[in-house]
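Encoded as C-alpha cells, the structure appears first; notes follow it.
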Amino acid sequence: QVQLVESGGGLVQDGGSLRLSCAASGRTFRWYAMGWFRQAPGKEREFVASISQDGDSTDCADSVKGRFTISRDNTKNTVALQMNSLRPEDTAVYYCAASMFYYVHSTAPWNYWGQGTQVTVSS
C-alpha cells in the first residue's frame with residue numbers, strides 16, 4: 001500500500017510558476033507509476049501528467065504540454081510537477097496518484113490517491 005501527501009499548492013498570478021510535490025510512504029514506491037490529476041469545481045477529475053516506474057517515460061495532457069513537467073526521485077520517494085506559464089484555467093485541486101500503468105489517462109486504474117492541494121491562478 002502507498003500513502004501519498006501533496007504539497008506546494010497556492011495562489012499565483014497568470015503566467016507564474018508553481019512546483020507541486022508528492023511524498024510517498026512505503027518501500028514499494030518504485031513499483032508504481034506516478035501521476036498528477038486535477039479537478040476544477042463542477043468538473044470531472046482529469047489527467048495532467050504521469051511518469052513510469054523508472055522515470056524514463058512520461059506522458060501529459062495536451063492542455064499542459066510544454067508548460068508542465070513531471071519528475072520523480074526514487075531514492076526520496078517523491079514525485080514533482082513543475083508548472084510554468086500558469087493560466088486561470090489551470091485552477092483546480094491537484095491530486096497525486098499511483099498506478100501500475102503510467103499511460104492510462106482514466107482515473108480507474110489509479111489505485112492510490114493523495115488528499116489534493118489547491119492551485120489558484122488569478123488573472
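The values are calculated or read from the model by the stated rules, or taken from the named source; none is laboratory data. Just so we're clear, the structure is a prediction, and the values are computed from it rather than from any experiment. So basically every Cβ, Gly included, is an ideal-geometry build from the backbone, and we count neighbours across all protein chains shown. For accessibility, only protein heavy atoms count, side chains too; no ligands or nucleic acids. Shrake-Rupley method; radii C 1.70, N 1.55, O 1.52, S 1.80 Å.
Within region 92-108, restricting attention to residues that are open to solvent by less than 40 Å² (accessible area, probe 1.4 Å) and not hydrophobic (A, V, I, L, M, F, W, C), the residue that is farthest from ILE51 (Cα to Cα) is TYR94.
Only one of the numbered conditions (1) in contact with a Phe, Trp or Tyr (Cβ under 6 Å, 6 or more places away or on another chain); (2) modelled with pLDDT under 95 is not met by SER50, and that is (2). For region 27-39, name all the residues that are surrounded by 15 or more Cβ atoms within 10 Å (Cβ to Cβ) and of a type outside the set (D, E, K, R). Matches in region 27-39: PHE29, TYR32, ALA33, MET34, GLY35, TRP36, PHE37, GLN39. Criterion applied to GLU46, GLU6 was being open to solvent by 40 Å² or more (accessible area, probe 1.4 Å) and of a type in the set (Asp, Glu), and the one residue passing it is GLU46. Working only within region 11-64, note down all residues that are without any contact (Cβ under 8 Å) to a residue 40 or more places away in the chain, touching a helix residue (DSSP H, G or I) at 6+ places or on another chain (Cβ under 8 Å) and assigned to a strand (DSSP E or B). Result: ALA49, single match.
Among residues of region 90-103 that are more than 14 Å from PRO41 (Cα to Cα), those with a Cβ under 7 angstrom from a residue that is β-branched (Val, Ile, Thr) and in a loop (DSSP other than H, G, I, E, B), sequence gap 6+ or separate chain, pair up as ALA98/VAL2. Out of region 105-117, which residues are farther than 17 Å from VAL79 by Cα and touching a residue at least 40 places away in the same chain (Cβ under 8 Å)? Within region 105-117, HIS105, SER106, THR107 qualify.
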